[in-house]
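Encoded as structure tokens, the structure appears first; notes follow it.
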Amino acid sequence: MLERLARLSLRLRVFLFFAALAAGALAILALGIWAGLARLDEAGPEGAYTMTGLIVGFGLVALIAWIWLMFDENVARAIDRLAGSLRARAHADVSHELKHDHAIYLGDLAPAARAVTGSLTETKSALAEAVERETTRLAIENARLQALLADVPAGVLLCAPDHQIVFYNGPAAALLTAEHAPGLDRSLLDYLNPAPVRAAYERLSLPERAGTATDLLCATTQSGDVLAGRMRLLDLPQGRGDRPGYVLTLRDVTADLALHAGREALLEEVFERVRRPAANLQTVLAAGSAREAQGRAALLAEVEGLAATITDLGARYDAARGGWWPMADTRSGELAEAVATQAGQAGIALAVEAGDLRLQCDAFQLVALLSHLAERLVGEHEAHGLSLQVAAEEGGALLSLSWTGPVLPVARLEAWLGRPLEVGLADTTGRSVLAAHGTEVWPEPGPRETEARLCLPLALSAVGAPAGAAETRRAVYDFDLLDRDPPGALAETPLTALTCIVFDTETTGLLPSSGDEIVQIAAMRMLGGRVVEGEAFETLVNPGRSIPAVSTEVHGITEAMVTDAPPIDIAARRFHAFAEGAVLVAHNAPFDLEFLRRHEAGIGARFDHPVLDTVLLSAVVFGQAQTHTLDALTDRLGITIPPEARHTAMGDTIATAAALEKLIPMLAGQGITTFGEAIAACRRHARLLKDVNDPERVPA
């Protein structure tokens, strides 16, 4: 019976609705007349008419209500669901097959919609394949360029004329990172002292400086590190307004300046401490008092003082000289392999065992020194079975050149260190290489009775000790920012021009008023309606209280995991800095913001950002009657959340960001294109969820 009903046409169904309404009305009228006539003798004409009116009135109301419920459930709501599904496939790139179980009473409308969406999906797939084929070459070239810029050792930034960041590479992010990492469309002047940057830009804007570059020295706003920069304007006048953007390269010269200042201070002290004894000696000799006992004693005292001063200054010079020589960050494995290769060219087999350490050294000089020592050991000391080990030790690294044979005499080692090395410089000896590195080398017995070794300590790079972690290697950019118009009023800003921070929190429970706290925060930056790869925030938070087992079962965070995590005041301050100047986006934002706003006094900042809630946006797009959980929304939009990522802060953040990417074009399909229009549409669903925007600060 139901199958036959499902095959009825939509027009016939509508007719049956009204036919049922008419038949029901006639039946109720007949029932009312019959009941009135039955009471005519007992109650008289007035009572009979009253009875008939009551039965007919209430009966018609009940019938109309029943018909309306049936029509609303099987027609109106079904059409809303079908319209939302169609809009998702038209604007949000949803490709899975349209489900029309909820629209079985709409006749041929649902199958026709399914056929249209299927054809649309096939057409879009064919178009996407064609576009992908045509853009493969450009994508490869773009990836190569990005890799090249990511590996440039200097920090490189491209900025719009109003100093908003359009491009930055990994080294630039490392140089500018302070309270928060740099981000696209954030002002460079938040990270650097504004005066030198503005002055350099104005210098290059003069007509006579066209096509030139200028150097500048500036300091970071947070740490005060001194950076040397070079700025060049873009050749073509493109950007916001009629002024060009610029490229800025940066390198940290803080350590260089400190070393230079230290060397200058030492030289000044040398002159100061030597000048006075030399003058005294000159006075004694000029007076001829050196022939007298008292004069000879004074002369001897001055000579001894001068000798002690020169010895002290010489020792300090030798200790500091290692820092003045230009050193590079070198991996221990690469250094050891280079020594083995150099020794191999002389016919010496050298085994290497090097950990993954970062050494601060002149690799060229060290390779020459170690290969020189290996050749001398084999040729003049009859050593064999040579090996080179590099291992971490307290305060640095230790290079051990080991061999089978007797311990090397110190006198012979000193003679070898005095010989010139074959590095292209006649005055470069082993001793000068050691002095440049501020280190020494000494012989000692090896761990086994028949072995001996030379030990040479080296400093580790400032980057750190073991280099197991991957280096920052990325290039983040959005060149469309160069041509984007300056932002106007927030309400009039297109949704595709917003800078959004999509975030989520995990907590100890659902009641902040009862003491529940945040245990994890995660966030991602979106720009131009797209996620910015490489700009994310994630941290565990020590809640300062126990985490109930029932909450751990949901998000998987245990008390042991948050023991060393920062407290909420620090974590929330970092998140606030990451989200500065952006629109916050969350799924059920009132819940997350209530936890954060309770700590505004502790972090000294307010979470008064404009807010978009994907629960309300889902209601705008799909209708309030739908289910608007994150699982239901992502299912409708064809977004897959891995089970292990669900109910983790970053997993839910990624899902919410993907949903927002698809919701923005769907809203545009409904004529909702600006932030103000989106907020106005969301406030019409306040019965579902409260809009947390301040109406005075964020008017619709």
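Read the figures in this text as sums done on the coordinates, not as results from a lab. Just so you know, these numbers come straight off a predicted model, no measurement behind them. When we count neighbours, we look across all protein chains shown, and the Cβ atoms used for this are built from the backbone with ideal geometry, even at glycine.
In debye, nearest 20: dipole of region 481-630 around its Cα centre with unit charges on the Cβ of K, R (+) and D, E (-)?
160 debye
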Unit charges at the beta carbon, dipole of region 658-700: most positive-side option, Pro665, Gly676, Leu689: Leu689
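Add +1 for every Lys or Arg and -1 for every Asp or Glu among the other residues with Cβ under 9 Å from the Cβ of Arg358, and state the total.
Numbers: positive: Arg331; negative: Asp329, Asp356.
Within the 9 Å Cβ shell, the charges total -1.
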By its C-alpha gyration tensor, with a ≥ b ≥ c as the square roots of the eigenvalues, how is region 443-592 shaped: rounded for a/c under 1.5, else prolate for a/b larger than b/c, else oblate? oblate
Alpha-carbon centroid distance for the pair region 519-571 / region 18-66, whole angstrom: 65 Å
Length gained if Leu37 through Phe71 is fully extended, taking 0.36 nm per residue and subtracting the Cα-Cα distance, is 8.8 nm
Where nothing but the Cβ of Lys and Arg (+1) and of Asp and Glu (-1) is charged, how large is the charge dipole of region 623-693 around its Cα centre, in debye to the nearest 20? 300 debye
Extension gain Arg606-Asp480, at 0.36 nm per residue separation less the Cα-Cα distance, in nm? 42.3 nm
Span per principal axis, largest first, for the Cα atoms of region 602-672 (Å): 41, 34, 21
With the dipole of region 496-558 worked out from charges on the C-beta (+1 for Lys and Arg, -1 for Asp and Glu) around the Cα centre, which of Gly528, Thr552, Gly509 lies farthest toward the positive end? Gly528
Summing Lys, Arg as +1 and Asp, Glu as -1, what charge do residues with Cβ under 12 Å from the Cβ of His628 carry, His628 excluded? -2
For a protection proxy built on the mean count of beta-carbon atoms within 10 angstrom, sort 555-564, 475-484, 428-437 highest first, please. 428-437, 475-484, 555-564
On alpha carbon coordinates alone, what is the Rg over Rh value for region 506-652, Rh being the Kirkwood radius? 0.95
